[in-house]
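In what follows, a structure is listed as structure tokens, so that the remarks can point back to it.
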Amino acid sequence: MLATLTTLQEDALQEITALDSLESLESWRISYLGSKGRLKGIMPLMKDVSKEDKPAVGKRLNEVKTALESAFDSRKADIAGSSSPRPPLDITEPGVEAQHGRRHIITKTIDGITEVFGRMGFSVAYGPEVEDEYHNFNALNIPEDHPARDPIDNFFMGGDRMLRSQTSTVQIRVMESTPPPIKIIAVGRVYRPDTHDATHFSMFHQCEGLLVAPKVSMVDLKSTLFQFAKSYFGEEAEVRFRPSFFPFTEPSAEVDMKMKIKGTWQWVEIGGCGLVDPKVFEEIGYDNNKWQGFAFGLGIERVAMLKYGIQDIRWLFENDARFLRQF
Ligand code: DAH
């Protein structure tokens, strides 16, 4: 009987190591430990064991049974663990920190500028970046021989198509499609084939403004830009005009704003402006006796770089997350 038990145990433990599915494991369990299994099958032999030997054989029987049961349990755990599609879930383990995206510094600047002009009642207009010479030059009273039309300073694309070199094109597009009065800003990309360096890039952003109303003066223009400067740069900000020339405004001025740079308030040139030239209204078909207007154009990168202390315009467009994350 003892020898039979040992053989049974050896057979069972050897067989079980080859099993790799829960189904085959279950068949194994039935054939060894089941009610008609091999272990139960040798029970009748007990009656042939002598009285003295019975305790020892009974003890051995229990040992074999326990050994098979624990072999079954551990093999079952192995198979269940390896066939499981995912590792056991530890809900107390710290997670992977989510990467938060953020607005690009230029987008942030545009949003800030738009917000301030929005509060002053300006709505936002858009125009195409691929333009024609009529909207980029002719309609803005820029004559054929004007130096701004030099092929060296523009991305001409064949025919009269070009990448717009200024957002002043949107003034024309808005006036073509909308009767006065008008009060818009237009923000977007412009393109000029400048050699890239710390202050030049072949693509940059401008914020254009256009107001058309029955009576508009330089005072309206300056006070609007003054309000903008105060809201955007802070209470101590100021605006200064210097006489200048643009073909589409008369009179025209360069706009300087006093803003805080590295702790001190300094004058910085940030754009151009003026009263809409009557020749522009004439071209559009607006009545110069009924309507007047002001316009301005501000450089977004300049505003952003000064406000945030960025020394090189190229950093804005290299998409280096280590740089962009700072803002
Ligand atoms: N378009 C001009 C430029 O790119 C900027 C500008 C000047 C826009 C005067 C205006 C303006 O609307 O009135 O240099």
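Read-outs: derived from the displayed coordinates by stated rules, not from any lab. Please read these numbers as outputs of a predicted model, since none were measured by experiment. Cβ placement follows ideal geometry from the backbone for every residue including glycine, while neighbour counts extend to all protein chains displayed.
Details
- Overall, the anisotropy analysis places region 105-324 in the oblate class: the square-rooted eigenvalues a ≥ b ≥ c of its C-alpha gyration tensor yield a/c not less than 1.5, with a/b not exceeding b/c.
- C-alpha long axis of helix 168-177 to longest principal axis of the chain, angle in °: 80
- Burial ranking of peptide ranges 297-309, 66-78 (average Cβ count within 10 Å, highest at the top): 297-309, 66-78
- Taking the C-alpha atoms only, the angle from helix 22-33 to the longest principal axis of the chain is near 20 degrees.
- If R0 is 25 Å, the Cβ-Cβ spacing of Asp53 and Glu26 corresponds to a FRET efficiency of close to 0.15.
- Residues with amide H under 5 Å from that of Ile261, placed H, sequence gap 5 or more: Gln266
- Using alpha-carbon coordinates, inclination of helix 54-83 to the longest axis of the chain, degrees: 20
- Test item: Cα-centred dipole of region 2-83, Lys/Arg +1 and Asp/Glu -1 on Cβ, debye: 440
- For Gln292, nonlocal amide neighbours, meaning residues 5 or more places apart or on other chains whose placed amide H falls under 5 Å from its own, are Ala213, Lys215, Val216.
- HN-Hα J in Hz across region 115-129 - Karplus 6.51, -1.76, 1.60, θ = phi - 60°, x for Gly and Pro: 4, 5, 5, x, 5, 8, x, 7, 9, 9, 10, 10, x, x, 7
- Global form of region 133-231, assessed from the alpha-carbon gyration tensor, a/c cut-off 1.5: oblate
- For region 88-143 versus region 252-327, the gap between their alpha-carbon centres in whole angstrom: 15
- For Ala213 and Asp320, the FRET efficiency from 1/(1 + (r/R0)^6), where r spans their Cβ atoms and R0 equals 41 Å, is about 0.35.
- Too-long pairs where the Cα-Cα distance tops 23 Å, listed order kept, from Lys258/Lys307; Lys108/Lys262; Lys258/Lys279: Lys258/Lys279
- Its relative contact order, with pairs defined as Cα atoms under 8 Å and 6+ residues apart, puts region 2-83 at 45 percent.
- The peptide list 41-53, 91-103, 238-250, put in order of mean Cβ contacts within 10 Å with the highest first, becomes 238-250, 41-53, 91-103.
- Spin-label model distance (nm) - Thr92 vs Leu45, 7 Å beyond Cα toward Cβ: 4.9
- Counting only lysines at least 8 places from Lys40 when in the same chain, those with an alpha carbon closer than 25 Å to its own are Lys51, Lys54, Lys59, Lys65, Lys76.
- Nearest-0.05 FRET efficiency for Trp265 and Arg189, computed from C-beta distance (R0 25 Å): 0.25
- Charge-dipole axis of the chain as Lys and Arg at +1 and Asp and Glu at -1 on Cβ define it, positive-most pick from Ala3, Phe122, Ser70: Ala3
- The amide H of Gln166, built 1.01 Å from its N in the peptide plane, has Tyr191 as neighbours under 5 Å, considering only residues 5 or more places off or on other chains.
- For the chain, the dipole from Cβ point charges (+1 on Lys and Arg, -1 on Asp and Glu) about the Cα centre works out to 1500 debye, to the nearest 20.
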